[in-house]
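Take a look at the structure below.
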Amino acid sequence: FYGFAPVQVWAYGIRVVYDLKWHSNGHMYAPTNGSCAGGNAPQGSGAPALKTIPDAEHDWLFRVEKGGYYGHPNPSQGFYVLNGGNPTAEGDYAECPHYPVGTQPEKNWQPAIYSFGNHVSANGSAEYFHEGPLKNALIVCRYNLGSDLIALKFDEKGDVKQVIDGVEGWENLQNPLDVCEDPENGNLYVSEYGK
């Protein structure tokens, strides 16, 4: 960090974030797109280099905290271990099983609070403010698999407590990229990439 710089790094290792949201609960959320199969991870922090990783990563939702590392390596910033490493033989959350067992995650690694799954392409998001069952839900566009909207409600710690999908009118969209709410009436407007 450079104390005099007007723009500073808040967090590290977040890959392909289409949208960041400061939620009214005080947390920042970032829906992300995971890497496709075939990528590499550098050697460092006790981890060997990985070449042509055969697995695609999940698309994640992160609750972003200042100084946290969220799993996408960047050697120029001193981060080498992909996601949660492979600390035990138990099948750890967000592990990369191609690392030898015992490969620890980076010390300030913060796991995702929700997985959208593979190849979903979680993109634009909006907090819903209108009264009703969706009040304060984070509504996220699922561009690929789903081609719809999904709503995530949070508990008092800021973790996902409820997932709402399959809402009539939210399905069969044409590659939705972003969503916003009309504060006057609660209507949602979705920008779609498809025809």
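Straight-line reach from K66: taking Cα to Cα under 17 Å and skipping same-chain neighbours fewer than 8 places apart, the lysines in range are K21, K107, K157.
Site pair A56 and N40 shows an inter-label distance of 2.3 nm when each label is modelled 7 Å from Cα along Cα→Cβ.
Fully extending the segment from Y93 to F129, taken as 0.36 nm per residue of separation minus the present Cα-Cα distance, adds 9.7 nm. Shown are L61, L188, whose ranking by accessible area with a 1.4 Å probe and every protein chain present, most to least, is L188, L61. Which aspartates and glutamates, on any chain, are close to K153 with Cα under 12 Å apart, when same-chain ones fewer than 8 places away are left out? Counting by Cα, and skipping residues close in sequence, K153 has these aspartates and glutamates nearby: E127, D165. For the range 152-195, the percent of C-alpha pairs falling in each 10 Å distance bin, counted from 0 to the bin holding the largest distance, reads 22, 40, 34, 4. Its Cα gyration tensor gives the range 69-195 an equivalent ellipsoid, and the semi-axes of that ellipsoid, as √(5λ) in whole Å with the largest first, are 33, 17, 13. Each of T52, T88 has its accessible area taken with a 1.4 Å probe; listed largest first, they run T52, T88. Taken over the alpha carbons of the range 1-119 as equal point scatterers, the Debye sum produces base-10 log I(q)/I(0) values at 0.24 Å⁻¹ of -1.51.
The values are calculated or read from the model by the stated rules, or taken from the named source; none is laboratory data. Keep in mind that what you see is a predicted model, and the values were worked out from it rather than measured. Positions of Cβ are generated from backbone atoms using ideal geometry, with glycine treated the same way; all protein chains shown enter the neighbour counts. Just the protein is used for accessible areas: all its heavy atoms, side chains included, with ligands, DNA and RNA removed. Shrake-Rupley method; radii C 1.70, N 1.55, O 1.52, S 1.80 Å.
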